[in-house]
Amino acid sequence: MTGVGDMFGGVSSETFLGLPKAAPGELDGARAAILGADTATPYRAVGPFAAGGADALRKGAADYAGTTGHWNFDLDAVALPEGFAVDCGDLPVDPADGPGNRALIEGAIREVAGQGAVPVLIGGDDSVPIPVIAVLGPEPLWIVQVDAHIDWRDEVEGERFGLSSNMRRASEMGHVEGIIQIGQRGIGSARAADVAAARDWGAHLIAAGALHDGADPLAALPEGARVCLVFDFDGLDPAIMPAVLAPTSGGLSYWQAVRIVEGIEAKARIAGITMAEFVTERDIGGQGAVLGAQLLTTWLGIIAQRAARTG
């Protein structure tokens, strides 16, 4: 039976969108590099529950592998310029070695960023952003987080580098100048003290309800800022993204997620992306993986358009 890939010109590939393979230290001029990681510092109680997320997103893009020269109507442009991005595969993390994983991720991100490329780390839980944010200094950095939760716990089960603490740890990094958090809703792990800590630090919290009511999520973002986008799949509404641990109604649409990246690139510059908490066993017929792949493809195209404008 003919599939979508056959009709659209897709090819068999193990990389995202059929992009060239590369090592983190040898990008051959690429401006963006995709890396996968199953976890950084998992909690003992749940382990690496988002393992396999990077591979799922690659499979979600499989029907469109080799079609980066085709027109992407979400951009009204060619999907990606030739040579713009590469796929560096998955980092060999060990769920039993949090410190080692963080060092491994930091090293890979440092290599990519050191060549002037945007590191895009996919898969894994929300402990993964901590080492990414840490290594994107020492230049000043803003964080734009899209998440159903605010992740300001100081520790959980004695672990300070887990998925519920990424924004708290980021707030302690000297190069992080500002934090914008978009999409929080429902009841999560945050206590009143955690919300107070976020607000006292100066984090800008734009709840999902406020976003749907028309709030500008990027009003506080300074012109010309360097930005790390910390994207959790549960920031999207579960009606379109089933592959999450804690589905909560009222989340973002695909287009809201696209517009946030367009807004960042219109006034600032993305220096790194993490795309985490894709829970493969919760997906339904690959729906979430295809959506995540489409979203990442469009984001890469937006970044490429800005690079073409600014050089």
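State, as an integer percentage, the relative contact order of the stretch 4-305 based on alpha-carbon contacts under 8 Å between residues 6 or more apart.
On the way: 695 pairs, mean separation 64.7, N = 302.
For the stretch 4-305, the relative contact order is 21 percent.
How large is the charge dipole for the chain, taken about the Cα centre, if only the Cβ atoms of Lys, Arg (+1) and Asp, Glu (-1) carry charge, to the nearest 20 debye? Let's see the in-between values first.
Numbers: 21 positive and 40 negative charges, 97 e Å.
Approximately 460 debye in magnitude.
In what order do 121, 27 fall by count of nearby beta-carbon atoms within 10 Å, going from fewest to most?
On the way: 121 27, 27 22.
Fewest to most other Cβ atoms nearby, the residues stand as 27, 121.
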Pick out, from 241, 188, 109, the residue whose Cα sits farthest towards the positive end of the charge dipole of the stretch 4-305, with +1 on the Cβ of Lys and Arg and -1 on the Cβ of Asp and Glu.
188
Where in the chain are the helices, taken as whole DSSP H runs, whose Cα atoms extend 27 angstrom or more along the long axis and whose Kyte-Doolittle mean reaches at least 0.5?
287-310
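Considering only DSSP beta bridges whose two residues both sit in the chain, what percent are antiparallel, to the nearest 5?
Numbers: 4 of 39 bridges.
Roughly 10 percent of the beta bridges in the chain run antiparallel, per DSSP.
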In deg cm²/dmol, rounded to the nearest 500, the helical mean residue ellipticity at 222 nm of the chain, built from -39500 (n - 2.57) for every DSSP H run of length 4 or more, is -9500 deg cm²/dmol
So which chymotrypsin sites (Phe, Trp or Tyr not before Pro) in the stretch 39-100 are both in a DSSP loop and have at most 11 other Cβ atoms within 10 Å of their Cβ?
73
What's the exposure ranking of 265, 157, going from fewest to most Cβ atoms within 10 Å?
157, 265
Relative contact order computed over the stretch 1-143 (Cα-Cα under 8 Å; 6+ residues apart), in percent
37 percent
If one computes the Cα centroid of the stretch 26-87 and of the stretch 248-311, what distance in Å separates the two points?
10 Å
Given springs between every Cα pair under 10 Å in a Gaussian network model of the chain, which of 283, 90, 213 has the largest fluctuation?
213
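We did not get these values from a lab; they are worked out from the coordinates using the rules stated. Worth saying up front: this structure is predicted, and the values here are computed from it rather than measured. Cβ coordinates were reconstructed from backbone atoms using ideal geometry, including for glycine residues, and neighbour counts include every protein chain displayed.
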